[in-house]
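Engineer: Just dropping this structure here.
The values are calculated or read from the model by the stated rules, or taken from the named source; none is laboratory data. In this text the structure is predicted, and so the values were computed from the model without any measurement. Virtual Cβ from ideal backbone geometry, glycine too; neighbours counted across all protein chains shown.
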Amino acid sequence: MKVWVSARQAPATDGFLHALGQLAGDCAVLERAAEATLWVVDGVDGKPDASLRTLYEQATPRPAVAYLGRWMSDLPHPAWAFFKAPLTDPKLISLWLHSANVQPGSRADAGLGTEPWRWQPMRLSAWPNLARFRRDLHVITACAQLLRAPTLYSDLIARGAQRDAIDALLADAWAAGLLQLLPVPAAAGVAAAPATAKPAESPTENARRGLVSRLLARFSLR
């Protein structure tokens with residue numbers, strides 16, 4: 001991902017880039033803002049130079065801009081996304097990237113893969129073939145989570161799974177037509193909806209949960 005930052009080694013910028021790296025892997029931090037597709041502007045210690053706004057308005061196409069600050073009233077440009085510093089939650093960044101149309105397909109030349117599941121909630125419709133992952137408990141747990149509820153890629157990685165194993169799992173499930181991509185919520189960072197009464201589980205769901213328990217028990221004994 002081609003990124004330009006206004007303040008190198010600033011604590012707020014470092015935290016944001018770390019969270020961004022959990023989503024997209026290594027980021028190429030460029031010296032020239034005009035060559036980047038994503039800007040990270042640090043406004044924690046004061047507003048950036050006014051010339052940056054002019055450079056943004058002249059850019060074609062315009063980059064996505066994450067403004068890190070203390071107060072939204074300090075936002076230099078209404079089209080920039082405000083993030084209250086310090087922000088380290090990759091889930092919010094993922095939702096913002098998708099809503100800002102900063103997607104892998106538009107940044108393939110930056111070395112980022114085109115896997116669509118990295119940028120929106122997903123779930124499995126059925127168990128994939130686990131033969132090649134039979135001793136990876138993290139993969140089994142990831143499958144159980146994806147069967148249970150929509151999940152973001154960053155959440156699977158945060159649970160301790162190896163990125164290569166998760167990528168292979170999702171690629172297999174996608175090729176088999178078992179991976180469903182879901183719409184991104186309308187707004188990032190909003191509170192979750194109040195919990196509702198849990199519906200009674202169907203026989204299929206009961207069998208699925210039993211299979212997960214047996215798999216976990218089997219591999220934990222070996």
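Engineer: Here are the criteria: (1) among the β-branched types (Val, Ile, Thr); (2) closer than 28 Å to residue 156 by Cα; (3) touching a Lys or Arg at 6+ places or on another chain (Cβ under 7 Å). Tell me which single one residue 44 does not satisfy.
Structural biologist: (2)
Engineer: Which pairs turn up if I take residues in the range 117-142 that are among the β-branched types (Val, Ile, Thr) and look for partners that are outside any helix (DSSP H, G or I) with beta carbon separation below 8 Å, at least 6 apart in sequence or on another chain?
Structural biologist: Going by the 8 Å Cβ cut-off, the qualifying pairs are 139/130; 139/161; 140/130; 141/159; 141/161.
Engineer: Here's a check for you: in the range 72-101, which residue that is at pLDDT 70 or above and under 15 Å from the mean Cα position of the chain (by Cα) is surrounded by the most Cβ atoms within 10 Å (Cβ to Cβ)?
Structural biologist: Result: 97.
Engineer: Sticking with this one: Please indicate, with yes or no, whether at least one residue in the range 157-170 is touching a residue at least 40 places away in the same chain (Cβ under 8 Å), of a type in the set (D, E, K, R), in contact with a strand residue (DSSP E or B) (Cβ under 8 Å, 6 or more places away or on another chain) and in the same structural domain as residue 182 (by TED's automatic domain parsing).
Structural biologist: No, the conditions are met nowhere in the range 157-170.
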